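Reviewing the structure listed below.
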Amino acid sequence: AMQLQGRTDRLSASGDVGLLSWAVGRQPITLGHGLAFTPMDLVNPFFLTTVDQEYKPGVDSITADLFFGTASKMSIIGAYTNDVLLVDADAWGVDGMVYALYAQHTFGRHDVGLLLGEVRGDDVLGLTVATYAGPVGIHGDLTYTLPADSDAEDPFFRGVLGGMWTATDDLTVTAEVYHQSLGAADPAAYLTQLEGARYQRGELWLVGTTYASVNFTHQLTPLVMANASWIGNLQDGSALLAPGVTVSVSDEVQLVMGGFVGLGERPDEPDAIDLLDPDTGFPLQGEALNTALGVNSEFGMYPSSAYVQMKAYF
């Protein structure tokens, strides 16, 4: 009549040997400086509508960080991400492995990082930069991917450029633009795009090519913080609106309320007969199914939702 379940998101052993820090076990791995769009976060990126992005679950991995003074660091990462496309989801497969060499150097107020990786068989090159222009913090990430199956996929790049401006003591504005060359240019191809392996395993979640985002964070009172995010697909004109409010209940407890609203032309509502091939009577597949479903925009497919969350720190 009762079942007790638990989950271990982070359990690892770590240590330091001189200038080397190492960790083995389940740990969070994040690369790059992107906020809404994270082309360098290839191990376990957040989906756009993930409610709690403050806490990142770990992945089974081995990491080693070698420090050169206080300004330079080199990281070696070996991680396993269970490929949901495996016939047996519990079976180990080399296709789920991620290997990465990441080097970062800080000079003055500028950070530069380089990434060399093999991600689930793909070869990936990456560059990340963070700097300042007066009161505005500027960041950018760029990755170039050589697919494992070069006959089935062409090389592609993903890039984000953004800035953060502290307008007043109470208001912060963040904006980004993002482009991915492997996205679909026509809304009729969105569903086919989502059927791809990269989307099925959660590596990618945007199906178009060019996007922009704006986020406003405003401290209404010392105990109340409001924020609003807008993420738009610049091709089809659809957008996702994400408002939220955080209330500090006590020194250790926060109440978080928010939601997601998909804005854009909604899909058509076909009858069941419209989803059958008139010649064979069997269900439509591929492009024919996409056309019958009438997908008109990306974020128009998103439902509206709301959430309430209580966070306790101890």
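Answer yes if at least one residue in the range 95-103 is without any contact (Cβ under 8 Å) to a residue 40 or more places away in the chain, small (G, A, S) and surrounded by 14 or more Cβ atoms within 10 Å (Cβ to Cβ), and no otherwise.
Going residue by residue through the range 95-103, those that are without any contact (Cβ under 8 Å) to a residue 40 or more places away in the chain are 95-97, 99, 101, 103.
Subsequent filtering for residues that are small (G, A, S) retains 96, 103.
Then drop every residue that is not surrounded by 14 or more Cβ atoms within 10 Å (Cβ to Cβ), which leaves 96, 103.
Yes: the range 95-103 contains one or more residues that are without any contact (Cβ under 8 Å) to a residue 40 or more places away in the chain, small (G, A, S) and surrounded by 14 or more Cβ atoms within 10 Å (Cβ to Cβ).
If you go through the range 225-238 one residue at a time, do you hit one that is at pLDDT 95 or above, within 16 Å of the chain's Cα centre (by Cα), open to solvent by 70 Å² or more (accessible area, probe 1.4 Å) and farther than 30 Å from D122 by Cβ?
Yes; the residues of the range 225-238 include at least one that is at pLDDT 95 or above, within 16 Å of the chain's Cα centre (by Cα), open to solvent by 70 Å² or more (accessible area, probe 1.4 Å) and farther than 30 Å from D122 by Cβ.
Identify all residues within the range 170-226 that are small (G, A, S) and free of Cβ contacts under 8 Å to residues at least 60 places away in the same chain; write none if there are none.
Going residue by residue through the range 170-226, those that are small (G, A, S) are 175, 181, 183-185, 188-189, 196-197, 202, 208, 212-213, 226.
Within the range 170-226, A175, S181, G183, A184, A185, G196, A212, A226 meet the criteria.
Please list, ordered by residue number, the strands (runs of 3 or more DSSP E) wholly in the range 10-120 having 2 or more residues that are farther than 29 Å from M310 by Cα, at pLDDT 95 or above and of a type in the set (A, V, I, L, M, F, W, C). Spell out how you get there, then give the answer.
Values: elements: 11-17, 20-27, 59-68, 72-80, 97-107, 110-119.
In the range 10-120, the matching strands (runs of 3 or more DSSP E) lie at 20-27, 59-68, 72-80, 97-107, 110-119.
Check the range 207-214 and report whether any residue there is more than 23 Å from P39 (Cβ to Cβ), modelled with pLDDT of 95 or more and surrounded by 17 or more Cβ atoms within 10 Å (Cβ to Cβ).
So in the range 207-214, the residues more than 23 Å from P39 (Cβ to Cβ) come out as none.
No, the range 207-214 contains no residue that is more than 23 Å from P39 (Cβ to Cβ), modelled with pLDDT of 95 or more and surrounded by 17 or more Cβ atoms within 10 Å (Cβ to Cβ).
Run down L220, L142 and say which single residue is in a strand (DSSP E or B), open to solvent by 70 Å² or more (accessible area, probe 1.4 Å) and within 30 Å of G108 (Cβ to Cβ).
One residue alone meets the criteria, L142.
May I ask you to list the residues in the range 172-212 that are among the aromatic types (F, W, Y) and in a loop (DSSP other than H, G, I, E, B)? Talk me through it step by step, then tell me what you get.
Of the residues in the range 172-212, the ones among the aromatic types (F, W, Y) are 178, 190, 199, 205, 211.
W205 - this is the single residue of the range 172-212 that is among the aromatic types (F, W, Y) and in a loop (DSSP other than H, G, I, E, B).
Do you know which residues across the range 145-164 are open to solvent by 50 Å² or more (accessible area, probe 1.4 Å), part of a loop (DSSP other than H, G, I, E, B) and in contact with a Pro (Cβ under 9 Å, 6 or more places away or on another chain)? Even if it seems obvious, please write down each step before you answer.
Just the residues of the range 145-164 that are open to solvent by 50 Å² or more (accessible area, probe 1.4 Å), to begin with: 146, 148-155, 157, 161, 164.
Filter once more, so that each one left must be part of a loop (DSSP other than H, G, I, E, B): 148-155.
Across the range 145-164, the qualifying residues are E153, D154, P155.
Could you grab me the full set of residues in the range 36-85 that are of a type outside the set (S, T, Y) and closer than 14 Å to R10 by Cα? Talk me through it step by step, then tell me what you get.
Kept after step one, since they are of a type outside the set (S, T, Y), are these residues of the range 36-85: 36-37, 39-48, 51-54, 56-60, 62, 64-69, 71, 73-74, 76-79, 82-85.
Once the filter is applied, which keeps residues that are of a type outside the set (S, T, Y) and closer than 14 Å to R10 by Cα, the range 36-85 yields N44, K56, P57, G58, V59, D60, I62, A79.
Can you pull out the residues in the range 281-306 that are at pLDDT 75 or above and open to solvent by 50 Å² or more (accessible area, probe 1.4 Å)?
Going through the range 281-306, the residues at pLDDT 75 or above turn out to be 295-306.
Correct list: M301, P303, S304, S305, A306.
Can you confirm whether the range 188-201 contains a residue that is buried (at least 16 other Cβ atoms within 10 Å of the Cβ), more than 18 Å from the chain's Cα centre (by Cα) and closer than 30 Å to F314 by Cα?
no
So, in the range 45-59, how many residues would count as being of a type in the set (D, E, K, R) and open to solvent by 70 Å² or more (accessible area, probe 1.4 Å)?
At the first step, the residues of the range 45-59 found to be of a type in the set (D, E, K, R) are 52, 54, 56.
Next, only the ones that are open to solvent by 70 Å² or more (accessible area, probe 1.4 Å) stay: 54.
Final tally of qualifying residues: 1.
Which of the residues spanning the range 165-180 are modelled with pLDDT under 95 and either in contact with a Pro (Cβ under 9 Å, 6 or more places away or on another chain) or open to solvent by less than 30 Å² (accessible area, probe 1.4 Å) (or both)?
T166, A167
The values are calculated or read from the model by the stated rules, or taken from the named source; none is laboratory data. The shown structure was predicted, so the numbers you read here are calculated from the model rather than taken from an experiment. Note that we place each Cβ from the backbone using ideal geometry, even for glycine, and neighbour counts take in every protein chain shown. All accessible areas refer to the heavy atoms of the entire protein, side chains included, with ligands and DNA or RNA removed. Shrake-Rupley method; radii C 1.70, N 1.55, O 1.52, S 1.80 Å.
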